[in-house]
Amino acid sequence: MKKALITLLFLLLNALYGANGDNPISQYIAWQSSVYAKMKDLNASEVKLKSFQNELEENQKSFFNTVMNERERILSLPIPHQGEIKSLRGAIKKNRKINRLDQVHRDSLKLKYYQLVENFFELIRGTVLSTYMATKQQFNEELDRITLENKNTIMNEEDFAKLYENVLYDDEEILADINKYNDKLNYLIAINNDMRKYILTYQDTLYKSKIYTTFGLDSIGFSIGQSQFAKKLDPKLEHIGLNTTKLVMIGLIVFWVLLLSTLYYWVIHLVLKYFKLGTDDTSYIIKEFQNTIRLLIIVFGIDMISDIMLGVGANVDESRKFFIVTYIVLVTYLVHKIIYTVSVIKINSFSQRERTYRTEIINLLVKLINFVVFLIGVLLILKTYGVELTAILSGLGIGSLAIAFAARDTLANFLGSLSILLDNPFSQGDWIKVGNDEGTVVEIGIRSTTIRTFDNALISVPNLTIANNSVTNWSKRIIGRRIKMYLGVTYNSNFDDIKKAIEEIKEMLFEHPDIASSKTQFKTHKEKSLRLISKEDARGVKTTLLVYLDSFGDSSINIMVYCFSRSVHWIDYLEVKQDIMFKIADIFKNNNLEFAFPSVSLYVPQDSQSNTMDEEQNEQ
């Protein structure tokens, strides 16, 4: 219905554009036929034939660009030779009755020629109308139907000639007309075939020109291009490959690009508002996407302008491939940014809800997805440049053994990363020690795990090495960082005071809010579960509290203090340890105890001391 209305609308414009203006389709047929006539010359050199072939291609490109830029005019053109076709059918019928086969042959050639001209008109008009289709699938189906109908209407000239091979031609004028229209018919068949091939070759570019129709750019450009001012300006623009219609369309495209570059922020904002995202998330998404989307809009505008400047036949050039590759790169990068942004928002959302999740698993999945996305992008780029992907995949299948052998370490490290994720010996942010490497886990990657040491160096440890070695994880504990110390008191201390001090230290630690003890409680994910393993050991909970007289040292009586702080964080641990040390010092002071320090007692016998004094007196 829509197609019929569009056709009717443009037929009504026939009086305005069709009757008074030149007919570009008829002109094109005349141009191409004249070139084919020159090529028929048997004396034409190879250089001339090449020149003629280039002229045919240039005429074809120029004509089709005119068709795309002046669609309204093309659709309003009347189909010529309708009266001649009606007259020729009557003449053929009449001459066949009186057995004038030479005239029947001549008139039949004329009729076939005029009908083929009509078919060519229908091919061009149908191609223009197909650009008004709503979807690309409808466009492709309509274009295939139009080109197939055109192909089916072209009659094989050898079969047509066999119908009249026994006819005698006495009239030289009739014979000359037959030869003339026979040549014209052959030229027109070649013109139809060339145009049909041209349309199918540049099918994608034709569909892309639909955007000009959607926004009315072609109508506006054509209307302005018909003005007196435009006719005066066109000769001045011709030497740079422009005309008023193209210039107006380029100006409108620049306007649309600037407008979209300004409005896309509000469009994204409204879309995100529909999904009820927070203000911070919305700002973050817009910040991450704005440069890529703006660049995509600008590249699209430049692509449209290049299509107008270069014409329809430019999509096989390197410039066309450049734009296709640019689109692939930008869209691939945009998908990567979407995956990354969604991951960041979801991780933050989990953190705010205090949900338990494995950050390293999310990171690994994001990396794998991004790898697949980039791989698809690379394959699409290779396909754009004509690389046969099936051959590459077949080659990979044949050389898979060699690739597997060369990448055995990489594969082993990848399996090591899976082993780490499944066994969960540590997570990102944990303090671990692997061999001689100790520090905080930064990231668990596909090939290696990065560790930030305490002197701020970054170490990359292969996952296979971690999987095959013991790992000490100091962060896999929720309660209990050990405090162990030995308190030495002097040997001249009263043992009753020592006993009292031990009891007071034990009570102080038991009542201390930051020291773990038997009364310390902790939460588990499953309160009711089979005790196949110790909950305390599984979660990392230590509540041991010991204060005992431990040993008689060389210079002190030693009291052992063994307990665990509730917090496992280093700063909290140091503060708790410092606090109990001050309280222990107060307890010692209150119980008249002194801290012992390493010392040596020298005992001198009495006789030795008397002899020494006598010797000193004699010397005096």
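The values are calculated or read from the model by the stated rules, or taken from the named source; none is laboratory data. Quantities reported herein were computed from a predicted structural model and do not represent experimental measurements. When we count neighbours, we look across all protein chains shown, and the Cβ atoms used for this are built from the backbone with ideal geometry, even at glycine. Only protein heavy atoms, including side chains, enter the accessible area calculation; ligands, DNA and RNA are left aside. Shrake-Rupley method; radii C 1.70, N 1.55, O 1.52, S 1.80 Å.
Before moving on, here are some points about what is shown:
- Which listed pairs, of Lys48/Lys197; Lys337/Lys383; Lys236/Lys321; Lys346/Lys367, have C-alpha distances above 21 Å, in listed order: Lys48/Lys197; Lys337/Lys383; Lys236/Lys321
- Computed with every protein chain present, the accessible area of Thr341 is close to 0 Å² [probe 1.4 Å].
- Across Glu507, Glu438, the residue with the most accessible area heads the list, and the full order at a 1.4 Å probe is Glu507, Glu438.
- Extension gain from Leu365 to Glu536, taking 0.36 nm per residue of separation minus the Cα-Cα distance: 58.4 nm
- For the pair segment 441-471 and segment 65-106, the centres of their Cα atoms are 83 angstrom apart.
- Between the amide H of Ile559 and those of Leu487, Gly488, Val489, Asp550, distances stay under 5 Å, these residues lying 5 or more places away or on another chain, with hydrogens modeled in the peptide plane.
- FRET efficiency estimate (nearest 0.05) - Cβ-Cβ, Arg89 to Ser419, R0 60 angstrom: 0.10
- Calculated FRET value between Ile345 and Val254, using beta carbons and R₀ = 25 Å, to 0.05: 0.10
- One chain, two ends: Phe454 and Leu200. Fully extended at 0.36 nm per residue, the span grows by 84.8 nm beyond their Cα-Cα distance.
- Around Asn592: net Lys/Arg minus Asp/Glu count, Cβ-Cβ under 14 Å: -2
- For the pair Ile240 and Lys151, a Förster radius of 35 Å applied to the C-beta separation gives a FRET efficiency near 0.35, rounded to the nearest 0.05.
- Note on segment 421-529: Cα-Cα pairs beyond 20 Å make up 60% of the total pair count.
- Ranking Arg100, Arg125 from most to least accessible surface, computed with a 1.4 Å probe over the protein chains only, gives Arg100, Arg125.
- For Ser475, the residues whose modelled amide H falls within less than 5 Å of its own, excluding neighbours fewer than 5 places apart on the same chain, are Trp431.
- Computed from label points 7 Å out along Cα-Cβ, the spacing between Lys40 and Asp550 is 11.6 nm.
- Shape class for segment 472-516: oblate, because the ratio a/c of the largest to smallest gyration tensor axis (alpha-carbon atoms, square roots of eigenvalues) is 1.5 or more and b/c is at least a/b.
- Solvent-accessible area of His336 with every protein chain in place, 1.4 Å probe, in Å² to the nearest 10: 40 Å²
- Between Lys506 and Tyr385, the distance separating the two model label sites (each 7 Å from Cα on the Cα→Cβ line) works out to 8.0 nm.
- Counting protein heavy atoms only, segment 417-573 has 51 percent of its accessible area on carbon and sulfur, 1.4 angstrom probe.
- Extension reserve of the Phe595-Asp579 stretch, reckoned as 0.36 nm per residue once the Cα distance is removed: 4.0 nm
- Tensor-based shape of segment 33-115 (alpha-carbon gyration tensor, a/c under 1.5 rounded, otherwise prolate or oblate): oblate
- Extending 7 Å from Cα along the Cβ direction at Val331 and again at Ile571 yields two label points whose distance is 4.9 nm.
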